[in-house]
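**Student:** My structure is below; once you've seen it, I'll send some questions.
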Amino acid sequence: VFFWGVLWKQTNPIAAVMVLAGSPFIGLGCDWIFENILIQYPFIRQTFGETFNFLYRVFSIFLIGSILLVIWSKYLNANGKAKIAEFDLGISLSGIGSTLFWFLLTQIPFIVVALLGLISPQTAATPAAIVCLLLFVWFHKRAKDEMTLFKSDIFYAGLLTSSMIWIMFYFA
């Protein structure tokens, strides 16, 4: 969804949210179809194996989600639902190095402690995600933006990044 949102101007935000919210169900549906229907065909079993592995699942979710995103975006844009008139995305290459430095500085201790076996990655997941979110809050305060935190893109980027950090630690 993020790939489409950045590279295709006609991506509709409502369609993007629908695909994001539906992606876990697409994955479950792909698993069910593979395990109950497709596995019966010898060619499928020989090509993909007995189980639907992670790579195939992610590719299937991407493919089905992309198709749904394009269809829903075209439909919603044709009906005038929340179409974005222009992009407000700005990328500062000079700030990426500093941001990456602070991100790594806050996450490396959790990674090291988990790798040393002092705590499990699952135990480190929540504190690592909270620290990540606090880093984004700090970025927002440092930017001296007049916009409130909850209206800022930085906050929502922080929520997404923190969620991914939690998932990466928890399922490590």
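Every number in this text was worked out from the coordinates using simple rules, so none of it is lab data. What you see is a predicted model, and the numbers here were worked out from it, not measured in a lab. For neighbour counting, all protein chains shown are included, and Cβ atoms are generated from backbone atoms with ideal geometry for every residue, glycine included.
**Student:** Using Cα springs under 10 Å in a Gaussian network model of the chain, which residue among I33, I14, I61 shows the largest mean-square fluctuation?
**Tutor:** Largest GNM mean-square fluctuation: I33.
**Student:** Can you pull the three principal axis extents for the Cα set of the chain, in Å, largest first?
**Tutor:** Here the spans come out as 58, 53, 25 Å, largest first.
**Student:** I've got another one for you. Quote the charge dipole size of the chain about the Cα centre in Debye, to the nearest 20; the model charges only the Cβ of Lys and Arg (+1) and of Asp and Glu (-1).
**Tutor:** Its charge dipole is roughly 260 debye.
**Student:** So if we plug the beta-carbon distance of A172 and L28 into 1/(1 + (r/R0)^6) with R0 = 35 Å, what FRET efficiency do we get, rounded to 0.05?
**Tutor:** E between A172 and L28, to the nearest 0.05, is 0.95.
**Student:** Just to check I understand the Karplus step: with θ = phi - 60° and J = 6.51 cos²θ - 1.76 cosθ + 1.60, what whole-Hz values come out for the range 158-172, glycine and proline as x?
**Tutor:** x, 4, 5, 5, 4, 4, 5, 4, 4, 4, 5, 6, 5, 9, 6
**Student:** May I ask for the Rg/Rh ratio of the range 93-170, computed from Cα atoms with Rh as the Kirkwood radius, given to two decimals?
**Tutor:** Taking Rg over the Kirkwood Rh, I get 1.02.
**Student:** What is the total of Lys pairs in the chain with C-alpha atoms under 21 Å apart, excluding same-chain pairs fewer than 8 positions apart?
**Tutor:** Value for the chain: 7.
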